[in-house]
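Visitor: Okay, handing you the structure first.
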Amino acid sequence: MRSVIDIKELSVEEIDELVAVAKDIIENPAGYAHKCEGKKLATLFFEPSTRTRLSFEAAMYELGGNVLSMASAASSSASKGESVADTAKVISCYADIIAMRHPKEGAPMVAAMNATIPVINAGDGGHNHPTQTLADLLTICREKGRFDHLTIGLCGDLKFGRTVHSLIAAMERYEGVKFVLISPDELKLPSYVKNGLKQKGIPYEQTADLEAAMPELDVLYMTRVQQERFFNEEDYLRLKDSYILTPEKMALGKPDLIVMHPLPRVNEISVAVDEDPRACYFKQVLNGKYMRMALILKLLGL
């Protein structure tokens with residue numbers, strides 16, 4: 001039995017294998033329609049989510065399995081003080097696999113240590129979001145045809161953005177990758193992530209200027225400034241509109257640039273950009289479902 005809490009737990013070979021399975025699912029959905037018959041996925045979401053939760057549920061249903069869902073922390077025994085460890089032990093009696101989102105960093109790891117079934121981290125605080133990263137990787141692979149020799153711009157909230165931290169951890173393993181870190185001072189990438197890049201000799205540059213960075217990027221990964229991660233309203237209001245991607249800024253980018261966003265967007269990408277063929281964020285959502293299907297199959301040994 002194996003869980004996936006951090007994208008770094010998957011080797012490059014395993015990521016390639018998951019991408020290959022996801023592509024096969026896209027080509028041959030009927031071949032996978034009954035793979036998880038008789039299996040149950042429990043979605044334990046202690047924090048609000050639309051895409052991730054529905055994506056996991058859609059993935060399991062499309063594999064022919066069933067879903068047990070907990071709507072919110074308030075409707076679970078967590079509201080009575082039940083520990084994550086006990087919840088994991090209880091859910092192990094009902095389901096075959098767990099997808100868990102939690103506001104506390106490390107909670108899915110605790111669940112995995114106590115469950116007797118695989119646990120997938122569906123996001124823990126500002127820490128990790130491995131299945132969003134798998135969605136990002138399939139999008140990059142399908143749109144760019146490769147993972148190596150890419151210049152990747154990460155824009156917005158790089159401090160609390162768990163999707164950013166996970167994507168860097170995945171992409172830093174490929175040759176010739178360079179990161180451009182675009183953020184206000186207050187939302188810079190944490191030093192422990194930058195130190196990791198330095199130690200591995202991976203080039204990165206920091207800037208507050210999105211327009212200046214645009215011409216060199218192969219991939220632009222936009223993120224929202226996350227109100228729920230701020231301790232005071234004042235800082236959030238001051239920073240929330242730091243970067244807004246518009247058609248004018250898109251005109252500065254390469255013809256084969258791809259623009260990604262983990263969603264939900266608030267107003268950091270103008271809806272006018274949606275018409276640009278380089279906008280890939282809704283494709284990313286669909287790719288997320290296919291990669292979660294591939295991961296469920298892998299962890300259930302199917």
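The values are calculated or read from the model by the stated rules, or taken from the named source; none is laboratory data. Remember, it's a predicted structure, so these values are computed and weren't measured experimentally. All Cβ positions, even for glycine, are placed from backbone atoms using ideal geometry, and neighbour counts span all protein chains on display. Protein only, heavy atoms only, side chains kept; ligands, DNA and RNA dropped before computing areas. Shrake-Rupley method; radii C 1.70, N 1.55, O 1.52, S 1.80 Å.
Visitor: What is the Å³ per residue value for the convex hull set by the Cα atoms of the chain?
Guide: Working: hull volume 38.8 nm³, N = 302.
About 128 Å³ per residue, rounded to a whole number.
Visitor: Leaving out ligands and nucleic acids, and using a 1.4 Å probe, what accessible area per residue does segment 1-153 come to in Å²? Before the final figure, lay out the partial values.
Guide: Details: 6390 Å² over 153 residues.
Result: 42 Å² of accessible area for each residue.
Visitor: How tilted is helix 130-144 with respect to the longest principal axis of the chain? Cα atoms for both, answer in degrees (0 to 90, nearest 10).
Guide: Taking Cα atoms only, the helix is inclined about 50 degrees.
Visitor: Per 0.36 nm of contour for each residue apart, how much would the distance between GLN206 and SER69 grow if the chain were fully extended, relative to their Cα-Cα spacing? Walk me through the intermediate numbers first.
Guide: Values: separation 137, 0.36 × 137 = 49.32 nm, distance 4.13 nm.
Residue separation times 0.36 nm, minus the Cα-Cα distance, leaves 45.2 nm.
Visitor: For segment 144-217, with all protein chains present and a 1.4 Å probe, just round the carbon and sulfur fraction of the accessible area to a whole percent. It would help to have the intermediate numbers written out before the result.
Guide: Numbers: 1390 of 2870 Å².
Here carbon and sulfur together make up 48 percent of the probe-accessible area.
Visitor: How far, in degrees from 0 to 90, does helix 12-27 lean away from the longest principal axis of the Cα atoms of the chain, to the nearest 10?
Guide: 80 degrees
Visitor: Could I ask something else about it? Among DSSP beta bridges lying fully in segment 25-155, give the percent that are antiparallel, nearest 5. It would help to have the intermediate numbers written out before the result.
Guide: Values: 1 of 15 bridges.
DSSP beta bridges in segment 25-155 are roughly 5 percent antiparallel.
Visitor: Please report the antiparallel percentage of the DSSP beta bridges confined to the chain, to the nearest 5.
Guide: Working: 1 of 34 bridges.
In the chain, DSSP labels about 5 percent of beta bridges as antiparallel.
Visitor: Excluding ILE202 itself, calculate the net charge of residues whose Cβ lies under 9 Å from the Cβ of ILE202, where each Lys or Arg counts +1 and each Asp or Glu counts -1. Can you show the working numbers first?
Guide: Working: positive: LYS178, LYS198, LYS200; negative: GLU172.
Net of charged neighbours comes to +2.
Visitor: Please return the longest range in the chain lying between exposed loop sites, taking GluC sites (Glu not before Pro), DSSP loop only, at most 14 other beta-carbon atoms within 10 Å, and leaving the sites out. If you can, show how the numbers build up before the last one.
Guide: Working: sites that count: GLU37, GLU82, GLU105, GLU175.
Result for the longest clean stretch: 176-302.
Visitor: First obtain the Kirkwood hydrodynamic radius of segment 136-206 from its Cα pairs, then insert it into the Stokes-Einstein equation at 37 °C and 0.692 mPa s, and state the resulting D in µm² per second as a whole number.
Guide: Working: Rh = 12.4 Å.
For the chosen part, D equals 265 µm²/s.
Visitor: Would you kindly state the longest site-free stretch of the chain, with sites defined as trypsin sites (Lys or Arg not before Pro) in a DSSP loop (not H, G, I, E, B) surrounded by at most 13 other Cβ atoms within 10 Å? Write down the numbers at each step before the final one.
Guide: On the way: sites that count: ARG2, LYS104, ARG146, LYS200.
The longest such stretch corresponds to 201-302.
Visitor: How high is the relative contact order of the chain, given as a whole-number percent (alpha carbon pairs under 8 Å, six or more residues apart)? Spell out each step's value before the answer.
Guide: Values: 573 pairs, mean separation 59.8, N = 302.
RCO, the chain: 20 percent.
Visitor: To continue, here is another question. Counting helices only, and only those DSSP H runs with n ≥ 4, report the 222 nm mean residue ellipticity of the chain as the sum of -39,500 (n - 2.57) divided by its residues, in deg cm²/dmol to the nearest 500. Show your work: numbers first, answer last.
Guide: Numbers: 11 runs with 112 residues, N = 302.
It comes out at -11000 deg cm²/dmol, rounded to the nearest 500.
Visitor: What number comes out for the charge environment of PHE147, summing +1 per Lys or Arg and -1 per Asp or Glu over other residues with Cβ under 12 Å away? It would help to have the intermediate numbers written out before the result.
Guide: Working: positive: ARG142, LYS144, ARG146, ARG173; negative: ASP16, ASP136, GLU143, ASP148, GLU172, GLU175, ASP218.
Here the count lands on -3.
Visitor: How tilted is helix 162-171 with respect to the longest principal axis of the chain? Cα atoms for both, answer in degrees (0 to 90, nearest 10).
Guide: 80 degrees
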